[in-house]
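The block underneath contains the structure these notes are about, expressed in structure tokens.
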Amino acid sequence: MNQQGMHFEKLKIASFDFTCCEGCQLQLANNESSLPAFFELLDVHAFREISSEKHDDYDIALVEGSISRSDEIDRLLAIRKQAKILVAFGTCACFGGVNSLKNRIPIEESVVEVYGELQVETLPVRKISDIVQVDISIPGCPVAKEEVERIVVSLVTGSKVNLPKYPVCVECKQQINTCLFDLGEICLGSITRAGCSAVCTSGKTPCLGCRGPAEDINFPAFMKMVRERGLSESDLREKLDFHNAFETYRNDET
């Protein structure tokens with residue numbers, strides 16, 4: 001029973017990081033004001049940023065990062081076997097993220113460029129769903145704390161898990177922001193899934209699409225708008241490539 005007198009069965013949660021910066025896990029760990037109440041719903045069985053305790057049994061696995069080594073594949077398969085619910089946690093896990101930029105040059109060249117003569121085992125970067133079944137995806141670079149908490153609470157209470165279907169533009173207009181397209185910038189907010197409260201565009205930084213495509217987007221119309229305004233198509237390609245979230249659309253239209 002929690003403090004409000006509601007009955008629920010605590011779920012065991014574990015968090016794992018692969019090729020990533022661990023920023024998404026830190027987002028959740030740093031939400032100090034609501035973290036104690038949030039973890040009344042959960043038993044933390046493995047979460048390095050929060051607790052030194054580690055247990056091998058868990059119901060929910062939060063998986064941050066993309067896959068870039070063979071040992072990561074083996075580890076991810078073991079996590080999938082144990083977890084009842086596997087959550088792709090953040091843009092790297094959902095789409096490959098900025099790590100996917102490595103795939104645009106030969107692996108041998110990328111290793112030599114960074115490590116010189118040091119032998120480093122690496123593979124083409126893949127998103128989590130390329131390896132295992134993903135039950136829920138929470139995109140974002142980093143994830144939005146409030147959204148993660150809402151989704152985990154939904155899992156605990158057996159409620160339906162939903163992500164916004166509409167684009168970031170809706171949230172941007174709610175913030176009464178000046179459209180960055182009107183300022184001569186290429187912004188992916190009109191084709192990117194909302195849920196971030198338009199944090200980047202509210203700071204006058206164009207959206208880079210870290211949350212992936214919104215549902216039912218009109219990508220050809222978006223491309224037409226960019227071209228009609230005479231904006232840089234190389235700049236557009238760079239933005240679409242940055243998180244690897246628009247790979248299908250980019251291949252079809254650019």
Restricting to the stretch 95-134, count the residues that are exposed (fewer than 12 other Cβ atoms within 10 Å of the Cβ) and either in contact (Cβ under 8 Å) with a residue 24 or more places away in the chain or under 30 Å from Ile85 (Cβ atoms) (or both). 3
Tally up the residues in the stretch 167-182 that are surrounded by fewer than 20 Cβ atoms within 10 Å (Cβ to Cβ) and either outside the structural domain of Gly212 (by TED's automatic domain parsing) or of a type in the set (Val, Ile, Thr) (or both), please. 3
Which pairs turn up if I take residues in the stretch 191-206 that are closer than 25 Å to Pro220 by Cβ and part of a loop (DSSP other than H, G, I, E, B) and look for partners that are at pLDDT 95 or above and of a type in the set (Ser, Thr, Tyr) with beta carbon separation below 8 Å, at least 6 apart in sequence or on another chain? Ala194/Tyr166
Among the residues of the stretch 42-59, write down those that are within 21 Å of Cys141 (Cα to Cα) and crowded, with 20+ Cβ neighbours inside 10 Å. Phe47
Within the stretch 11-26, can one find any residue that is at negative phi, of a type in the set (D, E, K, R) and not in a loop (DSSP other than H, G, I, E, B)? yes
Only one of Val170, Val153 is touching a residue at least 12 places away in the same chain (Cβ under 8 Å), within 28 Å of Phe39 (Cα to Cα) and either among the aliphatic types (A, V, I, L, M) or outside any loop (DSSP other than H, G, I, E, B) (or both). Can you tell me which? Val153
Kindly evaluate Cys141 against the criterion of being part of a loop (DSSP other than H, G, I, E, B) and either among the small types (Gly, Ala, Ser) or surrounded by 18 or more Cβ atoms within 10 Å (Cβ to Cβ) (or both). yes
Give the number of residues within the stretch 11-57 that are modelled with pLDDT under 85 and either among the aromatic types (Phe, Trp, Tyr) or not assigned by TED's automatic domain parsing to the domain that holds Gly140 (or both). 2
Matching entry among Lys160, Lys165 (being assigned to a loop (DSSP other than H, G, I, E, B), charged (D, E, K, R) and under 18 Å from the mean Cα position of the chain (by Cα)): Lys165
Index of the failed condition, Glu185 passing every other in (1) of a type in the set (D, E, K, R); (2) outside the structural domain of Phe246 (by TED's automatic domain parsing); (3) not in a helix (DSSP H, G or I): (2)
Only one of these is of a type outside the set (Gly, Ala, Ser), out of contact with any Lys or Arg (no Cβ under 8 Å at 6 or more places or on another chain) and within 21 Å of His243 (Cα to Cα): Leu77, Leu118, Leu62, Leu123. Name it. Leu62
Leu123 vs. criteria closer than 23 Å to Arg193 by Cα, of a type in the set (A, V, I, L, M, F, W, C), touching a helix residue (DSSP H, G or I) at 6+ places or on another chain (Cβ under 8 Å) and at pLDDT below 95: no
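The values are calculated or read from the model by the stated rules, or taken from the named source; none is laboratory data. What you are looking at is a predicted structure, and each value in this text was computed from that prediction instead of being measured. Using ideal geometry, Cβ is built from the backbone for each residue, glycine included, and neighbour counts are taken over all protein chains shown.
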